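Encoded as structure tokens, the structure appears first; notes follow it.
The values are calculated or read from the model by the stated rules, or taken from the named source; none is laboratory data. None of the values given here were measured: they were computed from a predicted structure. Heads up, the Cβs are rebuilt from the backbone with ideal geometry, glycines too, and the neighbour counts pull from every protein chain shown. Surface areas here come from the heavy atoms of the whole protein model, side chains and all, with no ligands, DNA or RNA. Shrake-Rupley method; radii C 1.70, N 1.55, O 1.52, S 1.80 Å.
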Amino acid sequence: MKKWNITLRYAGISLIGVSLLMYLAAFIAFRNNSDESLDPLVFSAMAATLCGFFAIIRTQPQENMSIEEGFCIVTGCWIAACVFGAIPFMMFGGEFTVINAFFESVSGFTTTGASILNDIESLPKGLQFWRIATAWMGGIGIVTLVSLVISAQHDRHSVLASAELSDLAKSYYGGRKRNFVYRMIAVYLIITTASAIALKLTQMPWFDAVTLAMSACSTCGFCTKNTSVAFYDNVAVETILIVAMLMGATNFSLMFSTIWPDKRTHKNLFNTQVIRWFLALVAIAILVVTADLYFSGYYSSFTRALRMAAFQVCSLSTTTGFATVDTNLWPRGSMGILLLCSLVCGCSGSTSGGMKMDRLVIVIKSLKDLIRSLVGVNTVSQVKIDGQVKTEKNVTSVITFMVTYMLIIAIGTVFFAISMDFTTSLTASIACMGSVGPGFGKVGSMGNYAHLLGFQKVVAMIIMLLGRVEIFPMLIAAKSLFSR
């Protein structure tokens, strides 16, 4: 009972945050000649506010909490946000059936960017903004925002930060967890603001500039145009978005330390191994895809091949999912590289999804040590990243995570294959698990998820949530909440 009460309390706090963005979306609807989304947004915002306050006043604050309770709170906050986030969509109607409304809300908050909409541009601006606002709030993490209202005098903040943020995300920061959260939010706001201003300088309308910046920095990929970024066909816009996406997929604490050096760790973007691996692999993928597109004759111009390859590789390797071209038509070699990008993705401590580059580096180094031991090299087996020794427990947890990650993808593929071809089923499962959005086949860069059966959309939502909270917090919370 105690776990239910404390989860309800913090879910209520998260709903207050959700309602604030709803009110902002309603204000945009009001300024847009009181468009059709005004009433649904105002009603939803009031419902979220009332339910949030009711949950808070009906439960007692708790000074101390266990990490298990923290996992319950994390899961409860995400589910509450997704449920109330769907209300404006349901009330608006149109393409938003009940299941479609929940799908779009979960996809937004988890920054997956998968959509059921066939005509995005027909939505009123208030609802378009709310759709992308869900992604922006989900990008930084709902519980991360909730933790700001918790008193620093107690350990509740530390528990929540530990529950939502993986150890890899916090590995480059040795200070107080509350300051770590401040760092993440400060960087997030700076990137979003700078990106919006830069996009505006390309003569883009303010609404488009702000929503694109929010979507890029949250690495979601929601767009207000049916053809995504291809609508603009502008090199400057694509370049700005590439920078914003890459920054969104980079460890925020390291970015903060690069601007304001941290005397405790002396780590920044320029001397960190994981960042070098990430950027190097992105660069290699761009070169390989460019060569494939050019030498296969798909593009006759090398510069155009480079432009398309650079944007799509950065889009998928950061799990953003923006599109400038229909990648379903690309050569199979390029599609294969993009699929690999969708699996690994960005770095821990960022808004990016996927297995994370940090884990890939750990696995590769542990594999190297294993091979050396098998061939008889007499050396101490030790996995080190940027001077930090990873214990056997650390390595085991990473390998367990990656195996579980692939297992969930396999299960998702089976469910999707009931009504779709294998390519669509596999890539849809990878895209949902990695918070990527587009895959290949019927869920390609210019497609959507509207054709999924009802139960498949439910499966997709579960996979998206598991991927966003990195699997184990949600599984532990489910076990804890329903155990006697």
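Below, the figures for the structure above:
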| quantity | calculated |
| --- | --- |
| Extreme residue, modelled with the lowest pLDDT, among residues of region 371-392 that are part of a helix (DSSP H, G or I) and under 23 Å from ARG276 (Cβ atoms) | ARG372 |
| Any hit, region 113-124, residues being open to solvent by less than 10 Å² (accessible area, probe 1.4 Å), closer than 30 Å to LYS442 by Cβ and β-branched (Val, Ile, Thr) | yes |
| Tally, over region 91-112, of residues that are among the acidic types (Asp, Glu) and open to solvent by less than 10 Å² (accessible area, probe 1.4 Å) | 1 |
| Boolean, MET335 is open to solvent by 70 Å² or more (accessible area, probe 1.4 Å), modelled with pLDDT of 90 or more and not hydroxyl-bearing (Ser, Thr, Tyr) | no |
| Members of region 280-299 found to be surrounded by fewer than 16 Cβ atoms within 10 Å (Cβ to Cβ) and in a helix (DSSP H, G or I), listed by number | ALA280, ALA283, ILE284, LEU287, PHE295 |
| All helices (runs of 4 or more DSSP H) inside region 50-134 with 2 or more residues being of a type in the set (S, T, N, Q) | 98-109 |
| Count of residues meeting criterion [outside any helix (DSSP H, G or I) and open to solvent by 60 Å² or more (accessible area, probe 1.4 Å)] in region 24-49 | 2 |
| Criterion violated by SER166 - all others in (1) polar (S, T, N, Q); (2) assigned to a helix (DSSP H, G or I); (3) modelled with pLDDT under 70 satisfied | (2) |
| Qualifying residue in region 223-244 (condition: open to solvent by less than 30 Å² (accessible area, probe 1.4 Å) and part of a loop (DSSP other than H, G, I, E, B)) | yes |
| Output for region 300-327, where each listed residue is within 22 Å of the chain's Cα centre (by Cα), small (Gly, Ala, Ser) and not in a helix (DSSP H, G or I) | GLY321, ALA323 |
| Only one of VAL363, VAL344, VAL325 that is farther than 14 Å from PHE278 by Cα and either at pLDDT below 90 or open to solvent by 30 Å² or more (accessible area, probe 1.4 Å) (or both) | VAL363 |
| Test result for ASP369, touching a strand residue (DSSP E or B) at 6+ places or on another chain (Cβ under 9 Å) and either surrounded by 12 or more Cβ atoms within 10 Å (Cβ to Cβ) or not acidic (Asp, Glu) (or both) | yes |
| Any chance LYS384 is open to solvent by 60 Å² or more (accessible area, probe 1.4 Å), in contact (Cβ under 8 Å) with a residue 12 or more places away in the chain and over 19 Å from the mean Cα position of the chain (by Cα) | yes |
